[in-house]
Amino acid sequence: MEKKKTFYISTPIYYASANLHIGHSYCEIITDSIARYKRERGYDVFFLTGADEHGEKIAKNAELAGKSPQTFVDEIANNFKSTWGKLKISNDDFIRTTDPRHVALVKKVFTKLYNQGDIYKGKYQGWYCTPDESFWTESQLGPNHTCPECGRPVQLKDEEAYFLNVKKYIPQLLKFYDEHPGFVPGGKLNEMINTFIKPGLEDLCITRTTFDWGIPIDQDPKHVVYVWIDALLNYLSALGFLSDDDSKFKKYWSKDTEIVQFAGREINRFHTIYWPILLFALNLRIPDTIFIHGLLLTRSGVKLSKSLGNAPSPLPLIDRYSLDALRYYMVREVPIGDDGSFTPKQFIERINNDLVNNYGNLLNRSLSMIKKYYDGVVPVYVEPKGELTRKIYQDINLYLKEYELQMDAYNITKGADAAMKLINLGNKYIEDQAPWTLAKSENTKAELAETIYALCEVLRIGSIILRPFLVEKAPEALKQLNVPPELTKYDSIREIGKLGGVITNKGEQLFPRLDREVETKFLAELIDGRPGEKE
RNA sequence: CGCGGGGUAGAGCAGUGGUAGCUCGUCGGGCUCAUAACCCGGAGGUCGUAAGUUCAAAUCUUGCCCCCGCUACCA
């Protein structure tokens with residue numbers, strides 16, 4: 001038997017300074033959809049997400065909450081996990097930067113790079129606010145060199161720190177970019193090159209002594225590893241790199257594995273510049289793709305964030321509209337790679353049009369006809385005679401190919417669109433065939449049968465390809481159709497003609513219609529914390 | 001200042017040289033299997049702006065205006 005192809009996909013690890021909002025859910029949902037698609041296609045998938053739990057901000061927030069940092073992040077990590085459970089995120093592991101396995105790896109990597117001369121001790125210079133005990137960069141400062149947080153004056157101050165020698169690897173990095181044009185899709189690389197590399201990239205400061213909630217380095221324990229070396233290594237520590245059991249690392253970081261890592265555009269720089277350099281220094285392969293996704297904005301185009309009070313939790317949305325409604329909206333409405341928005345109007349229209357009117361309705365009307373004309377039993381397939389029936393099978397194939405093409409390029413927005421267009425073929429086909437007319441005469445019985453049969457295939461195939469997005473409702477649709485388990489597998493998607501005799505099991509409507517006025521009000525209050533204007 | 005992205009029907013978007021397209025909304029028609037759903041048709045755009053290249057430009061070149069993002073160790 002041929003060895004399964006392997007696939008490794010990761011989200012960034014979210015900073016555990018506060019609880020999650022819908023923006024984090026966005027990244028989880030798109031990566032989960034891809035992970036699920038790859039599993040459907042027979043890949044051996046490793047899907048990773050996690051939490052970034054070190055740093056000054058977390059230490060401060062913990063203190064404010066009257067908790068130890070560890071207790072604080074334990075609670076938040078649990079919150080992450082339980083939220084992802086509710087979103088049915090199918091991650092294979094959850095990495096925390098406070099995990100012993102992660103701490104051990106960071107220390108090992110630091111030591112290795114230190115010993116090979118890629119890390120050296122130097123001085124970090126920045127604007128320091130003594131009362132707040134924090135460093136700021138020139139651009140972060142308030143007017144007249146004041147602390148952006150407390151407004152008091154800051155002083156230029158030196159601090160002993162360790163640096164990663166990134167300059168050394170720039171030529172190798174540029175060569176790599178050149179040879180791998182698909183590394184960062186969507187033209188998001190030039191910005192990095194022009195802004196950071198061309199003007200001359202400085203070495204990266206990777207330790208701090210001004211706080212202690214971090215991983216202390218063995219060489220100099222008053223230093224803790226600062227942000228990015230710690231955070232980026234999660235992708236390797238979760239695989240057991242440099243640990244007693246590195247079987248996962250060998251499997252999923254091998255040169256044969258397809259590796260794609262998702263990151264928001266705000267952390268583009270770290271993933272497209274420093275991360276490859278770190279891997280160069282460790283003499284490891286580079287991921288195939290760093291996919292920079294957009295952010296979820298509100299209607300006014302303002303970044304979702306807790307401080308603006310416009311970032312709802314995903315949970316009330318799930319409770320009210322079903323998990324799949326939320327998942328579908330994010331996949332289909334936000335063009336992957338671009339920023340998107342979450343607005344009541346768009347949400348309601350997208351759900352009503354695609355899920356209620358198109359998909360749910362097709363299932364409902366098809367099952368009704370099977371019940372009415374065939375007592376609930378799918379008619380036997382015969383070679384189609386009608387021109388339109390032959391055409392619909394061709395069109396199904398066309399959209400199926402388009403779907404696979406898009407999904408293989410991680411373009412789930414267009415993949416979901418192709419799936420929905422495939423479903424829509426069914427609605428148009430019904431209109432063209434007018435089964436209610438065919439049912440009136442004995443002469444057209446055969447045509448009625450082939451019509452109803454074709455609809456079952458549209459629904460079977462459509463539901464299979466919607467399954468990565470609609471993790472509850474697509475299986476539900478297949479259940480109502482009562483498709484035999486082996487025919488619900490992706491491998492059998494092109495096996496047309498085997499559904500004859502299946503006893504269908506018509507159930508509840510897949511998606512209830514959303515009332516525009518009522519739901520606009522509900523959503524506007526959820527997003528803005530106040531009633532929105534009517535649209 | 002610099003860099004990246006963008007300005008196409010009421011809204012949201014496709015469209016990199018050859019009679020302007022999609023979804024939603026809107027208007028009109030049809031159907032009745034279906035969740036007032038579904039199907040068909042119409043109206044609606046001088047493709048930010050000015051100039052240039054070309055037989056031909058939304059699509060290539062240049063200038064200008066406007067919007068969004070990034071600008072360094074900050075998730």
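The values are calculated or read from the model by the stated rules, or taken from the named source; none is laboratory data. Computed from a prediction, not measured in an experiment: that's the story for all the values here. Cβ placement follows ideal geometry from the backbone for every residue including glycine, while neighbour counts extend to all protein chains displayed. Areas reflect the complete protein model, heavy atoms only, side chains present, ligands, DNA and RNA absent. Shrake-Rupley method; radii C 1.70, N 1.55, O 1.52, S 1.80 Å.
Filtering A:Tyr15, A:Tyr8 for residues that are farther than 17 Å from A:Pro314 by Cβ, touching a strand residue (DSSP E or B) at 6+ places or on another chain (Cβ under 7 Å) and within 16 Å of RNA strand B (Cβ to nearest atom) leaves a single hit, A:Tyr15.
One residue alone among A:Lys440, A:Lys498, A:Lys445 is without any contact (Cβ under 8 Å) to a residue 12 or more places away in the chain and either within 19 Å of A:Leu425 (Cα to Cα) or in a loop (DSSP other than H, G, I, E, B) (or both), and that residue is A:Lys440.
Per the listing A:Ala238, A:Ala263, the residue uniquely closer than 21 Å to A:Pro185 by Cβ and within 23 Å of the chain's Cα centre (by Cα) is A:Ala263. Return yes or no: is A:Leu201 within 11 Å of RNA strand B (Cβ to nearest atom) and open to solvent by less than 20 Å² (accessible area, probe 1.4 Å)? For A:Leu201, the condition - within 11 Å of RNA strand B (Cβ to nearest atom) and open to solvent by less than 20 Å² (accessible area, probe 1.4 Å) - is met.
Within segment A:324-333, being within 12 Å of the chain's Cα centre (by Cα) and within 12 Å of RNA strand B (Cβ to nearest atom) holds for no residue. Would you be able to say whether some residue in segment A:153-167 is of a type in the set (S, T, N, Q) and modelled with pLDDT of 85 or more? Taking every residue of segment A:153-167 in turn, at least one turns out to be of a type in the set (S, T, N, Q) and modelled with pLDDT of 85 or more.
Only one entry in A:Leu398, A:Leu388 is surrounded by fewer than 20 Cβ atoms within 10 Å (Cβ to Cβ), free of Cβ contacts under 8 Å to residues at least 12 places away in the same chain, part of a helix (DSSP H, G or I) and of a type in the set (A, V, I, L, M, F, W, C), namely A:Leu398.
Residues in segment A:259-288 that are assigned to a helix (DSSP H, G or I), away from RNA strand B (no atom under 16 Å from the Cβ) and open to solvent by less than 20 Å² (accessible area, probe 1.4 Å): A:Leu279 only. Residues in segment A:24-43 that are small (Gly, Ala, Ser) and more than 16 Å from RNA strand B (Cβ to nearest atom): A:Ser33, A:Ala35, A:Gly42.
With a cut-off of at least 2 residues that are open to solvent by 20 Å² or more (accessible area, probe 1.4 Å) and of a type in the set (A, V, I, L, M), name the helices (runs of 4 or more DSSP H) lying wholly within segment A:1-99. In segment A:1-99, A:56-64 are the helices (runs of 4 or more DSSP H) which contain 2 or more residues that are open to solvent by 20 Å² or more (accessible area, probe 1.4 Å) and of a type in the set (A, V, I, L, M). Can you tell me which of A:Asp256, A:Asp220, A:Asp212, A:Asp245 is open to solvent by 70 Å² or more (accessible area, probe 1.4 Å), under 28 Å from A:Gln125 (Cα atoms) and part of a loop (DSSP other than H, G, I, E, B)? A:Asp212 is the lone residue from the list that is open to solvent by 70 Å² or more (accessible area, probe 1.4 Å), under 28 Å from A:Gln125 (Cα atoms) and part of a loop (DSSP other than H, G, I, E, B). Within segment A:412-429, residues that are in a helix (DSSP H, G or I) have Cβ atoms under 6 Å from residues that are open to solvent by less than 40 Å² (accessible area, probe 1.4 Å) and among the acidic types (Asp, Glu) in these pairs: A:Met420/A:Asp354; A:Leu425/A:Asp395, counting only partners at least 6 apart in sequence or on another chain. Examine segment A:238-248 for a residue that is out of contact with any Phe, Trp or Tyr (no Cβ under 7 Å at 6 or more places or on another chain), within 16 Å of RNA strand B (Cβ to nearest atom) and under 26 Å from A:Thr272 (Cα atoms), and state whether such a residue exists. Checked segment A:238-248: no residue is out of contact with any Phe, Trp or Tyr (no Cβ under 7 Å at 6 or more places or on another chain), within 16 Å of RNA strand B (Cβ to nearest atom) and under 26 Å from A:Thr272 (Cα atoms).
Only one entry in A:Tyr359, A:Tyr393 is within 8 Å of RNA strand B (Cβ to nearest atom), aromatic (Phe, Trp, Tyr) and either open to solvent by less than 60 Å² (accessible area, probe 1.4 Å) or modelled with pLDDT under 95 (or both), namely A:Tyr359. Just one of the numbered conditions (1) touching a residue at least 60 places away in the same chain (Cβ under 8 Å); (2) under 37 Å from the mean Cα position of the chain (by Cα); (3) open to solvent by 20 Å² or more (accessible area, probe 1.4 Å); (4) within 12 Å of RNA strand B (Cβ to nearest atom) is not true of A:Asn353: (1).
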